[in-house]
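Report on the following structure.
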Amino acid sequence: MLKLYNTRTRRVEEFRPLHPPHVRIYVCGLTPSAEPHIGHFRTYLFFDVLRRYLEHLGYDVRYVQNVTDIDDRSIARAMDTGEHWYDIVRGFYAMFKDAWRKLGLLPLDAHNEPYATRFIPQIQIMISELIGRDLAYVARDGIYYRVSKFAGYGALSNRNLEELQAGARIEIDEFKEDPLDFALWKFAKPGEPNWPFEGYGAGRPGWHIECSAMARELLDQEGCGFDIHGGGADLIFPHHENEIAQSEPLMRSPPMSNFWVHGGLLLHESKKMSKSLGNFEPVGGLLERHDPQAIRLLFLQTGYSKVMNFTEGSITAAAAGLQRLKATYRSLALAGAPSTPQSSGALVARIEQVMGEDMNTAAAIAELHRGAAPEEFGQFIYALQLLGLSPSQQWMEHAQLELPDDLAQKLVRELGPTVALNGAEPQEAVAHVIALRTKARAQKDWTESDRLRDALARAGVALEDSKDGTTWTVRP
RNA sequence: GGCGACGUAGCCAAGUGGUAAGGCAGAGCUCUGCAAAAGCUCCAUUCCCCAGUUCGAAUCUGGGCGUCGCCUCCA
């Protein structure tokens, strides 16, 4: 049982696949024309958990997430820098995939990660069909969709044409019939990348048509729709509205997607992160400073569809919460509780109850914070995995981050050259200082003992004494 | 101007009619040479404001105030 908020109907509805046990999902992916930011990952982390949860419910999920590897911005950037436009795309997309892996998202591969430029024939066929239906026309600089011809335009975003006309901003393009019309194909200007289009002219696809064409090709060749179409809330208009306009008139049985699910935007200093404002927080730097699982936990602690304000301090707070989850895990593991993941039982049932209500991951995490009985350990682990927070060996060591490379130098600076650390590996340096401290403690030389501990602390290494000896962890 | 979302403790946040989850921070205790880590305990008579509906409202209705988003490339 899963209820989901459906943007199309503006209601929370029970999710039922069109063709159980298959579930087909299309999520709008990245346009790699700028550095990927943390806002992107709020959306994809949510769909990752949705995917996991649908699989938990026993569905066979086909998840497709596209790559918009051709767009105006990367071309403009190439003109500025002199790089090849596709090197720019490749570079940013590699950064995206690197963060994707670090954050533990379920993998994308050739079958569920279509690139727009590899679907040019399908895009062109679709454009031809739209022209044939009088839903598109050829203008001087490109081929446009004739919005006034599609009666359903505005249904998804709850707008009507009059409102849109009234609110339309000044139109730069002189060649369109109507300011609301949007490009399906842009004829190439000199020096721009282009693909031939028999009968019309070489150029490149507009932004919206690729999704319609790829969704049809990969998820809905019968023209009867698929189950879930997702993306960030900023895509509702115009992108998803335009996708519907392109796809539904050509379908045997609309709607294009039964459910439309949108992730709430992530704000930065109470403003939306966007390419045009340039106020985004790149994900790469955050992943160097924080445990990726803390970032995941942070997002899952807020309802997926709510607007959320991002601060780096909130990751630190989430990291502290993650430590508690790890501590629960550790104490159960050390107590010898059976650790085989268990997909059913009372604890999992409580998780299902809240997740079933429009994916209430925050309540699910609250449930995990209440702890688990030893016999529920397997369920506890299963629930963590369901949220993408798979425990690793690191959880037993409650390590937070890697040791800094320059640790030995830092320690020499703190402690003075009398300590023989020059050139030592970070691990050795820590072990050496701990050994010195253990000796001092044995002689009850608390001053020296505390001096060594403070020096390590300032270098980012926290000590923990126990009956069995001294252990350490890295703290930012 | 049109459309929409949100406003819950110091901070983040769940909760859509039955009497306020959870996390962070903070306080106390246990443990410790002292710490740290861990554990335990405490921490909103109250949910932006004002009216109303109801036996009963954070939750429903109306009206304010405030913040943000979409209407332009955007996850």
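Things to note:
- Summed side-chain charge close to A:P32 - residues other than A:P32 whose Cβ falls under 14 Å, Lys, Arg +1, Asp, Glu -1: -4
- For chain A, a/c is not less than 1.5, where a ≥ b ≥ c are the root eigenvalues of the C-alpha gyration tensor, and a/b tops b/c. That puts it in the prolate class.
- Crossing angle, helix A:209-219 versus chain A [Cα axis fit, 0-90 degrees, rounded to tens]: 70 degrees
- Order of A:K410, A:K467, A:K306 - criterion: other Cβ atoms within 10 Å of each residue's Cβ, fewest first: A:K467, A:K306, A:K410
- Overall form of segment A:1-150 per C-alpha gyration tensor (a/c, 1.5; a/b vs b/c): oblate
- Too-long pairs where the Cα-Cα distance tops 32 Å, listed order kept, from A:K3/A:K186; A:K176/A:K306; A:K3/A:K149; A:K272/A:K410; A:K149/A:K186: A:K3/A:K186; A:K176/A:K306; A:K3/A:K149; A:K272/A:K410
- The string of couplings for segment A:40-56 from the Karplus curve (6.51, -1.76, 1.60, θ = phi - 60°) is 4, 6, 4, 5, 5, 5, 5, 5, 4, 6, 4, 4, 4, 5, 4, 5, 4 Hz, one whole number per residue in order, with x for Gly and Pro.
- Placed amide H near A:G142: partners under 5 Å, 5+ positions off or other chain: A:F187
- For A:A136, nonlocal amide neighbours, meaning residues 5 or more places apart or on other chains whose placed amide H falls under 5 Å from its own, are A:I131, A:R146.
- Residue-averaged [θ]222 nm for chain A, counting only DSSP H segments that reach four residues, each worth -39500 (n - 2.57): -12500 deg cm²/dmol
- Distances between placed amide hydrogens fall under 5 Å for A:R62 paired with A:V23, A:R24, A:I25, all partners being 5 or more residues away or on another chain.
- Scoring A:336-344, A:307-315 by mean Cβ neighbours within 10 Å over their residues and listing the highest first yields A:307-315, A:336-344.
- For segment A:96-109, Karplus couplings with θ = phi - 60° (6.51, -1.76, 1.60), whole Hz, Gly/Pro x: 4, 5, 5, 5, 4, 5, 4, 7, x, 6, 4, x, 9, 9
- Rounded to 5, the percent of DSSP beta bridges in chain A classed as antiparallel: 55 percent
- Under the Karplus curve 6.51 cos²θ - 1.76 cosθ + 1.60, θ = phi - 60°, whole-Hz ³J(HN,Hα) for segment A:286-291, x wherever Gly or Pro sits: 4, 6, 7, 8, 9, 5
- Rounded if a/c under 1.5, otherwise prolate or oblate - segment A:311-397, Cα gyration tensor axes: oblate
- Relative to the longest principal axis of the Cα atoms of chain A, helix A:426-442 runs at roughly 30 degrees.
- Distance from segment A:25-67 to segment A:430-459 (C-alpha centre basis), Å: 48 Å
- Principal-axis tilt of helix A:120-132 within chain A, Cα atoms, nearest 10 degrees: 40 degrees
All of the numbers you see were taken from the coordinates with simple rules; none came from a lab. Since the structure is predicted, the reported quantities are computational estimates derived from the model, not experimental observations. Cβ atoms come from the backbone with ideal geometry, glycine included; neighbour counts cover every protein chain shown.
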